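Down below is the structure, laid out as C-alpha cells.
Read-outs: derived from the displayed coordinates by stated rules, not from any lab. In this text the structure is predicted, and so the values were computed from the model without any measurement. A quick note on method: Cβ atoms are made from the backbone with ideal geometry, for glycine too, and the neighbour counts reach across all protein chains shown.
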Amino acid sequence: MGFRDHSDSVQIGPWISTSPQMAGNMLKYYFHHLHPAKKTIKVGALEKGITVECLKTLGFEEVAFSFRMYWGVPLQTSIDFFTCIGDPAKG
Amino acid sequence: MNHVEHKTSDIELGHELNIRELRQDDWAFIRSCDEILNWGFSNDGEQFLFSTRHSAFIAEIHQNPVGMVFGYRWGRNVGWIGLLVVNQEFRCQGIGRTLLSKQVQELRQAGCVTIGLDSVPEIRQFYASEGFVRDQKSLRLAICRVEGTPQGYVKTATKDDLPEISYSINRQPDLTGLSY
C-alpha cells in the first residue's frame, strides 16, 4: 500500500526484506501490480540504517531529508507497517 | 479515546483558541491543508486517519478550524506525531505549540514513553524548544519507474500475514490495530 499517494508518484513504507534481490522484486511488484500508473516511488530511510545502501543499490537517489526527533526514551529504530511481503525461501 | 476539550486564550491576538478532538466533519479542512501543502496525506483515507490508534486534535477560532495535529500509537508505548499544521495566517501565535503540547499530553496519558516525529529542517528548533531531541536524519529517496516483472514470490499482504509480520519485526508485537 502506498500511503502518500500523489498523481504521478507514491510513497511506500515500511519496507522490510532479507536481501537486495527480494527488495528489487518488491519494487517491481509495486510498479507493475499495485501502481502501474506511477512514474516515481518515494521511500524514507534513516541515514545510519543499512537500508539506505540497499536502496541506492536499487537505484534510489536522495531528494530531501528531515530530522527524526524524539521525546522521552530514545528511539531504538523506526517502526512502521507494511503491506507487501516477499517469501525469503523463494527469493 | 477520552473526550478532551479545553480552551486557551491567545493573548497576542485576543482570539479564543479552542482545542478539540478531530471530528468526521473536519475532513474538508484536512483536505484543504493537504491541497496547500501537497503532502498527499488525505489520500490515506478517512478510515486510516480516524482509526482507534490515532488521536487527533483540531485548533479552532470562532468554530473555524485553523490547525491540526495527529498522533499515533505503535504497539504499547511508542507514540508518533505528525501532520502538525497551522493555517499560514495564524502562524507564530502559539497555536502550533498548543497543539503539539496537547498531543504529547495525550500520548503520554496513553502510556507512551517515547514520542517521535520527523521535522523539516526549518522548524527543528521549535521542536527542540518543546523537549524533543534530534536523533538522525530521515532521508527521502526516490526512484523512477523500474521495468521488468518480479522474479520469485511477492504478494499483497493480508490480515492472515500479520502474525508472521509481527514475529519478523519482533520489537512490535501488537499490530492488530492496523488498517488496510
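Observations on the structure shown:
- A cut-off of 5 Å between modelled amide H atoms, ignoring neighbours fewer than 5 places along the same chain, links A:Ala64 with B:Arg140.
- Flagged links, alpha-carbon separation over 22 Å, of A:Lys28/B:Lys155; A:Lys56/B:Lys137; A:Lys28/A:Lys56; A:Lys38/B:Lys155; A:Lys42/B:Lys155; A:Lys56/B:Lys155: A:Lys56/B:Lys155
- The phi torsions of segment B:79-84, fed into the Karplus equation with coefficients 6.51, -1.76 and 1.60 and a -60° offset, translate into couplings of x, 9, 10, x, 6, 7 Hz, rounded to whole numbers, with Gly and Pro shown as x.
- Amide hydrogen proximity for A:Leu46: with H placed 1.01 Å from N in the peptide plane, the residues at 5 or more positions away or on another chain lying under 5 Å are B:Leu139.
- Coupling constants for segment B:120-129 follow from the phi torsions by the Karplus curve (6.51 cos²θ - 1.76 cosθ + 1.60, θ = phi - 60°), and in residue order they are 5, x, 5, 10, 4, 5, 4, 5, 4, 5 Hz; glycine and proline get x.
- Test item: B:151-162 mean partner chain Cβ contacts at 10 Å: 6
- Shielding by partners, peptide B:100-112 (average Cβ within 10 angstrom, other chains): 1
- Inter-chain Cβ neighbour count for B:72-81, averaged per residue, equals 2 (cutoff 10 Å, partner chain atoms only).
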